[in-house]
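Okay, structure first, notes after.
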Number of protein chains: 2
Amino acid sequence: MLHALVGTLGKYVSLTQEEIDVIASLFSFRTFRKRQYILQEGEINRHETFIVKGVTRTYEVDEKGQEHIVQFGLEDWWIGDLYSFLTETPTKYNIDCIEDTEVFQITKTNLEALYEKVPKMERHFRIIIQNAFIASTNRVASSLVKSAADRYLDFIAQYPQIEQRVPNHQIASYLGITPQSLSRIRSQVNKK
Amino acid sequence: MLHALVGTLGKYVSLTQEEIDVIASLFSFRTFRKRQYILQEGEINRHETFIVKGVTRTYEVDEKGQEHIVQFGLEDWWIGDLYSFLTETPTKYNIDCIEDTEVFQITKTNLEALYEKVPKMERHFRIIIQNAFIASTNRVASSLVKSAADRYLDFIAQYPQIEQRVPNHQIASYLGITPQSLSRIRSQVNKK
DNA sequence: AAATTTCATTAACCTAGGTTAATTTTCTCT
DNA sequence: AGAGAAAATTAACCTAGGTTAATGAAATTT
């Protein structure tokens, strides 16, 4: 379990045994059941969460009660509402598990301690966030430029693992369309 | 000029005079005219750019030749295609100036040198990117959840300075709608 | 200041994707 | 294995926003 975390934390910077011990002391391990919430709207997101095993979804509920998936989470990904975590204000997102999920979590205090004790983690997290920002920028650009059908094809090309493990109506939600529209798009794609 | 840069670089971390001198030695100052490109599609983005004065737009051109604005840039903001900058691959974006614009720029080599010589800059840029990522996540969420009219109202509430300085058809492009639709939305908003 | 280009607005018509509803297929739980 | 719930599909109809086109108002350029 721990080696999945350490392997990823050591991806952009190399770590000594002492540093690994510090890391082990500052994170906690948790398991969640399928359907279980990791975070609910209105709570303050007290942990950033690293997925060891499982699949999660982060979604917003609009005034009509409809769910809109903002992000999926898979093995080795970080999830959590960074804004709520950093500002200690209530989140507007919900995060729950699509499969049984195992995670490591770190609090804000412990993350700050980690930056103090292992300064190179500052670099690690800068790079993690940089990559997340680039992915998010690309998603904005593609929502401006591309049709729903193209976004669907891009999605299955980019995240084939997710397509296998997540029901279609949740992929539709991620793409910003209805399940009916996705079904229509899929049947048109299959014709060709 | 330099104090605008240093003021911002010192926003999240405090700086000594030596550190300020290092910063001054690693950045270069440039001016661009209105309409002038800072970056063009196909180039490698060799600099991250800090705006001292002026307004910029970052946009993608689709296969039909239509422009889609991904980001505006204003005083004290960082612009540039981070992906192209970091991976040294050709960018798909164009950046040009909506007004005459003054900037500080830093190359990848010099940014790495800055991280070596002033390690606390690693923290500064982590926070900058963190904020940009949060803004981008919110933009994804609002494009999934909100109507064009609501996105327009959010935009003018959040960036009143941009609304003053940027023509409407470019705001329409940023919102992902046509100038005609924006005009229709604006006339409906004014009725109420 | 005249000419030209760029921008904003309005209107008629069109289309991608939404809505509602019914049917079938696939999960999930006992 | 069988009942009930959740998910996927299809079809008829609807709507937000796109497209095309025309007109006038502002900016720029000469």
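The values are calculated or read from the model by the stated rules, or taken from the named source; none is laboratory data. Everything quoted here is computed from the prediction, not taken from an experiment. With ideal geometry, Cβ positions are generated from the backbone for all residues, glycine too; neighbour counts draw on all protein chains shown. Note: accessible area is taken over every heavy atom of the protein model, side chains too, but ligands, DNA and RNA are not part of it. Shrake-Rupley method; radii C 1.70, N 1.55, O 1.52, S 1.80 Å.
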Next on the checklist: If a residue must be touching a residue at least 24 places away in the same chain (Cβ under 8 Å) and either facing chain A (nearest Cβ under 7 Å) or open to solvent by less than 40 Å² (accessible area, probe 1.4 Å) (or both), how many such residues does region B:135-154 contain?
Outcome noted: 4
Item to check | Matching residues, region B:79-92, being away from chain A (no Cβ under 11 Å) and surrounded by fewer than 19 Cβ atoms within 10 Å (Cβ to Cβ) | outcome: B:GLU88, B:THR89, B:PRO90
Checklist outcome for this item: Given (1) within 16 Å of DNA strand C (Cβ to nearest atom); (2) farther than 30 Å from B:THR178 by Cβ, A:ASP154 misses just (2)
Item to check | Failed item in (1) more than 19 Å from the chain's Cα centre (by Cα); (2) farther than 30 Å from B:ALA24 by Cβ; (3) at pLDDT 95 or above, with B:PHE155 passing the rest | outcome: (1)
Checklist outcome for this item: Given the conditions (1) open to solvent by 50 Å² or more (accessible area, probe 1.4 Å); (2) over 18 Å from the mean Cα position of the chain (by Cα); (3) away from every other protein chain (no Cβ under 12 Å), every one holds for A:GLU63 apart from (3)
Checklist outcome for this item: By residue number, the members of region B:14-42 that are farther than 16 Å from B:GLU112 by Cα, in contact with a strand residue (DSSP E or B) (Cβ under 8 Å, 6 or more places away or on another chain) and open to solvent by less than 80 Å² (accessible area, probe 1.4 Å) are B:PHE29, B:PHE32, B:GLN36, B:ILE38, B:LEU39, B:GLN40, B:GLY42
Next on the checklist: Can you tell me which of (1) buried (at least 21 other Cβ atoms within 10 Å of the Cβ); (2) more than 8 Å from chain A (Cβ to nearest Cβ); (3) more than 16 Å from A:SER136 (Cα to Cα) is the one B:ASP100 doesn't meet?
Outcome noted: (1)
Checklist outcome for this item: Checked region B:157-166 for anything within 15 Å of DNA strand C (Cβ to nearest atom) and free of Cβ contacts under 8 Å to residues at least 60 places away in the same chain; matches are B:GLU163, B:GLN164
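Each row is one residue, and each column tells you yes or no for (1) open to solvent by less than 60 Å² (accessible area, probe 1.4 Å); (2) in the same structural domain as A:ASN45 (by TED's automatic domain parsing); (3) modelled with pLDDT under 95.
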residue: A:ASN94; (1), (2), (3): yes, yes, no
residue: A:GLN105; (1), (2), (3): yes, yes, no
residue: A:LEU114; (1), (2), (3): yes, yes, no
residue: A:GLN161; (1), (2), (3): no, no, yes
residue: A:GLN164; (1), (2), (3): no, no, yes
residue: A:HIS169; (1), (2), (3): no, no, no
residue: A:ALA172; (1), (2), (3): yes, no, no
residue: A:ARG184; (1), (2), (3): no, no, no
residue: A:GLN188; (1), (2), (3): no, no, yes
Item to check | Criterion: more than 14 Å from every other protein chain (Cβ to nearest Cβ) and out of contact with any Asp or Glu (no Cβ under 9 Å at 6 or more places or on another chain) - qualifying residue of B:ALA132, B:ALA157 | outcome: B:ALA157
Checklist outcome for this item: In region A:98-128, anything in a helix (DSSP H, G or I) and closer than 29 Å to A:ARG35 by Cβ is listed as A:LYS108, A:ASN110, A:LEU111, A:ILE128
Checklist entry - Within region B:11-54, can you find the residues that are within 13 Å of B:GLY73 (Cβ to Cβ) and more than 16 Å from the chain's Cα centre (by Cα)? => result none
